[in-house]
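A.B. asks: Please find one structure pasted underneath; my questions will follow.
The values are calculated or read from the model by the stated rules, or taken from the named source; none is laboratory data. All values derive from a computational prediction rather than experimental measurement. Here the Cβ positions follow ideal geometry from the backbone for every residue, glycine too, while neighbour counts run over all protein chains shown.
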Amino acid sequence: ALADGIEVRHLRMAQPSLSGARNLGIAEARHEILAFPDDDCWYEPDVISRVRQAFLQNTLLKGVIGCWVEQAGSGSINRPYALELAAWRRFRGGAASSISLFLKRELFDTMGGFDERFGVGQWYGAAEETDFILRALAAGAQLQFRPEVRVHHAFTSEAVGKLAGLCRQARRRSRGTGALYAKHSLSPWVIARGVVAPIFVPLSQGKLKAAIKGLYISLGRVEGYVRWKLGG
C-alpha cells in the first residue's frame with residue numbers, strides 16, 4: 001500500500017476491542033465508503049471498481065455485502081439481491097462477515113458505529129456485524145449482496161486445535177448470538193432452533209466431536225441471552 005502511494009495510519013487503543021477499533025477507524029476515516037478487511041484477507045483486483053459501480057447504479061444504496069469466497073458453497077446465490085429485515089430476523093437472510101462489508105459513511109453518521117459490547121475482546125465475543133446489519137435494516141437502509149465483489153480470507157472448515165480450546169472459543173463467540181436474540185427480540189422459534197440445532201444436527205450425522213462443540217455453542221447462546229435480559 002505504501003509503495004502504491006496509499007496513506008496508512010496506525011492507531012492504537014488502550015483496551016482490546018475489535019468493535020472499538022473499528023469505530024475509531026470510522027471516526028478517523030476521510031472518505032465516503034468504508035471497508036473492514038482483516039490482515040489475512042485479500043480483495044480480487046476488481047473489487048473496488050465493482051463496489052463503486054454498485055453505489056453508482058443505485059444512489060439510495062447504503063451498503064454492499066460482498067462474497068466471502070471460501071464460505072460460498074456450490075448452492076450460493078449468484079445474483080445480486082437486497083437484504084430483507086424479516087429474513088435476517090429469522091437468520092435466513094444470508095451471511096455477512098466484516099471483511100465483506102462496504103458501507104457508506106452516512107450510515108454510521110446516522111446510526112452510530114458497531115456496538116462495542118460485541119466482538120473480540122468482549123464477553124459477547126462476536127456478532128457485531130450481524131447486529132449492525134439488523135439495526136441498519138430496521139432503520140430502513142438499503143443494503144445489497146453483490147456476488148461479483150469477491151473477498152478471500154485464510155479459512156478452513158476443519159477444526160484446528162484441541163477440542164477443549166475450540167469449545168471455549170465457540171462458547172465465547174456464541175454469547176454474541178445469544179445477546180442478539182435478546183437485543184432484537186427475535187422470535188421464540190428462532191431462539192429455540194439456534195439453541196437446539198448445534199447439538200442435534202451433528203448428532204444426527206454421527207459427528208460426536210461436532211456435537212460436543214455444539215453443546216458449548218448452545219451454552220454460550222443461552223448465557224448471552226440470559227445476561228442481556230438481565231441488563232446487558
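A.B. asks: Exactly one of (1) surrounded by 10 or more Cβ atoms within 10 Å (Cβ to Cβ); (2) free of Cβ contacts under 8 Å to residues at least 60 places away in the same chain; (3) assigned by TED's automatic domain parsing to the domain that holds Ala96 is unmet by Pro45. Its number?
C.D. replies: (1)
A.B. asks: Inside the range 159-199, can you point out the residues that are out of contact with any helix residue (DSSP H, G or I) (no Cβ under 8 Å at 6 or more places or on another chain), closer than 22 Å to Glu128 by Cβ and either at pLDDT below 95 or among the aromatic types (Phe, Trp, Tyr) (or both)?
C.D. replies: The one that is out of contact with any helix residue (DSSP H, G or I) (no Cβ under 8 Å at 6 or more places or on another chain), closer than 22 Å to Glu128 by Cβ and either at pLDDT below 95 or among the aromatic types (Phe, Trp, Tyr) (or both): Gln169.
A.B. asks: Continuing with this model, one more query. Output yes when any residue across the range 173-181 is buried (at least 22 other Cβ atoms within 10 Å of the Cβ) and basic (Lys, Arg), and no when none is. So that I can check it myself, show each step before the final result.
C.D. replies: Just the residues of the range 173-181 that are buried (at least 22 other Cβ atoms within 10 Å of the Cβ), to begin with: 174-181.
Filter again for basic (Lys, Arg), leaving 175.
Checked the range 173-181: at least one residue is buried (at least 22 other Cβ atoms within 10 Å of the Cβ) and basic (Lys, Arg).
A.B. asks: A follow-up question, please. Looking for whichever is touching a residue at least 40 places away in the same chain (Cβ under 8 Å) and either over 15 Å from the mean Cα position of the chain (by Cα) or loosely packed, with under 11 Cβ neighbours inside 10 Å (or both) here; the options are Gln15, Gln71. Which one fits? Outline the logic, then answer.
C.D. replies: Numbers: Gln71 fails: either over 15 Å from the mean Cα position of the chain (by Cα) or loosely packed, with under 11 Cβ neighbours inside 10 Å (or both).
Within the list Gln15, Gln71, the selection yields Gln15.
A.B. asks: So in the range 8-55, with the set limited to residues that are among the small types (Gly, Ala, Ser) and in contact with an Asp or Glu (Cβ under 8 Å, 6 or more places away or on another chain), which one is nearest to Ala96 (Cα to Cα)? Before the answer, list the steps.
C.D. replies: Filtering the range 8-55 for residues among the small types (Gly, Ala, Ser) gives 14, 17, 19-21, 25, 27, 29, 35, 49, 54.
Remaining after also requiring in contact with an Asp or Glu (Cβ under 8 Å, 6 or more places away or on another chain): 17, 19-20.
Working: Ser17: 20, Ser19: 15, Gly20: 19 Å.
Within the range 8-55, the match that is nearest to Ala96 (Cα to Cα) is Ser19.
Let's see how each residue does on (1) out of contact with any strand residue (DSSP E or B) (no Cβ under 9 Å at 6 or more places or on another chain); (2) surrounded by 21 or more Cβ atoms within 10 Å (Cβ to Cβ):
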{"site": "Glu116", "(1), (2)": "yes, no"}
{"site": "Gly119", "(1), (2)": "yes, yes"}
{"site": "Leu134", "(1), (2)": "yes, no"}
{"site": "His153", "(1), (2)": "no, no"}
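A.B. asks: Let me ask something else about it. Mind listing whichever residues of the range 98-115 are part of a strand (DSSP E or B) and touching a helix residue (DSSP H, G or I) at 6+ places or on another chain (Cβ under 6 Å)?
C.D. replies: Narrowing the range 98-115 to residues part of a strand (DSSP E or B): 101-104.
Answer for the range 98-115, where residues must be part of a strand (DSSP E or B) and touching a helix residue (DSSP H, G or I) at 6+ places or on another chain (Cβ under 6 Å): just Phe102.
A.B. asks: Now for a different question. Could you list, in sequence order, all residues of the range 86-114 that are in contact with an Asp or Glu (Cβ under 7 Å, 6 or more places away or on another chain) and either surrounded by 18 or more Cβ atoms within 10 Å (Cβ to Cβ) or farther than 17 Å from Gly20 by Cα (or both)? Give the steps one after another, and end with the answer.
C.D. replies: At the first step, the residues of the range 86-114 found to be in contact with an Asp or Glu (Cβ under 7 Å, 6 or more places away or on another chain) are 93, 96-99, 101, 104-105, 114.
Within the range 86-114, Gly93, Ala96, Ser97, Ser98, Ile99, Leu101, Lys104, Phe114 qualify.
A.B. asks: Name, by its number, the condition in (1) over 23 Å from Leu34 (Cβ atoms); (2) basic (Lys, Arg); (3) out of contact with any helix residue (DSSP H, G or I) (no Cβ under 7 Å at 6 or more places or on another chain) that does not hold for Lys213.
C.D. replies: (3)
A.B. asks: Same structure again: Need at least 2 residues that are over 16 Å from the mean Cα position of the chain (by Cα) and of a type in the set (D, E, K, R) per element, so show me which helices (runs of 4 or more DSSP H) inside the range 116-232 make the cut, counting only ones lying wholly within it.
C.D. replies: Values: elements: 128-138, 163-183, 188-204, 208-229.
In the range 116-232, 163-183, 208-229 are the helices (runs of 4 or more DSSP H) which contain 2 or more residues that are over 16 Å from the mean Cα position of the chain (by Cα) and of a type in the set (D, E, K, R).
A.B. asks: Mind listing just one residue for me: the one in the range 78-92 that is of a type outside the set (D, E, K, R) and not in a strand (DSSP E or B) and, of those, nearest to Phe55 (Cα to Cα)? So that I can check it myself, show each step before the final result.
C.D. replies: Residues of the range 78-92 that are of a type outside the set (D, E, K, R), as a first pass: 78, 80-83, 85-88, 91.
Those still in the list that are not in a strand (DSSP E or B) too: 78, 80, 83, 85-88, 91.
Numbers: Asn78: 19, Pro80: 13, Leu83: 15, Leu85: 20, Ala86: 24, Ala87: 23, Trp88: 22, Phe91: 26 Å.
Here the residue is Pro80.
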